[in-house]
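Here's the structure, in structure tokens; my notes come after.
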Amino acid sequence: MAVWEWIRFLAGAVLLLIGLGIFVIEMIGVFRFRYALNRMHAAAMGDTLGIGSCLLGLIVMCGWNFTSLKLFLIILFLWLSSPTSSHLIARLEVTTDEEPEKHYRRIVMEDGHGAEQEIKEGE
């Protein structure tokens, strides 16, 4: 039985270290990127993956009990709320951007019926 506990502890520790590594990469991306949407993308993806990996490591270390169920529900809540809030903040940034030409260019395309469609292309 002691061998199983060590294996579970090591698997949980590996998941925690993976989550910590993702957080370090996220922080480098947040400080390295210049445009707000790029920074926000790095932060949102890092938070979702990093927190999920860390909490999964804690679930593995804790074993299957009521605490692990609560941790799993936290992972589920964060996976649903983080992309939604990031999307809303990104839409706010695009609509309130005072210098859109500096960050992306607009392309006008025509479909087969002569109607024009405006597309925003990122850098």
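The values are calculated or read from the model by the stated rules, or taken from the named source; none is laboratory data. Computed from a predicted model, the values in this text were never measured in an experiment. FYI the Cβ positions are ideal-geometry reconstructions off the backbone, even for glycines, and counts take in every protein chain you see. Heavy atoms of the whole protein, side chains included, go into the accessibility calculation; ligands, DNA and RNA do not. Shrake-Rupley method; radii C 1.70, N 1.55, O 1.52, S 1.80 Å.
Before moving on, here are some points about what is shown:
- Residue match in segment 72-89 (condition: of a type outside the set (S, T, N, Q), open to solvent by less than 100 Å² (accessible area, probe 1.4 Å) and without any contact (Cβ under 8 Å) to a residue 12 or more places away in the chain): yes
- Cβ separations smaller than 8 Å between residues 6+ apart or across chains give the following pairs from segment 19-34 residues that are free of Cβ contacts under 8 Å to residues at least 12 places away in the same chain to residues that are of a type outside the set (S, T, Y) and surrounded by 15 or more Cβ atoms within 10 Å (Cβ to Cβ): F33/R39; F33/A42.
- Test: residue in segment 45-60 that is farther than 15 Å from A11 by Cβ and assigned to a loop (DSSP other than H, G, I, E, B): no
- Candidates I107, I74, I119: the one that is β-branched (V, I, T) and at pLDDT 80 or above is I74.
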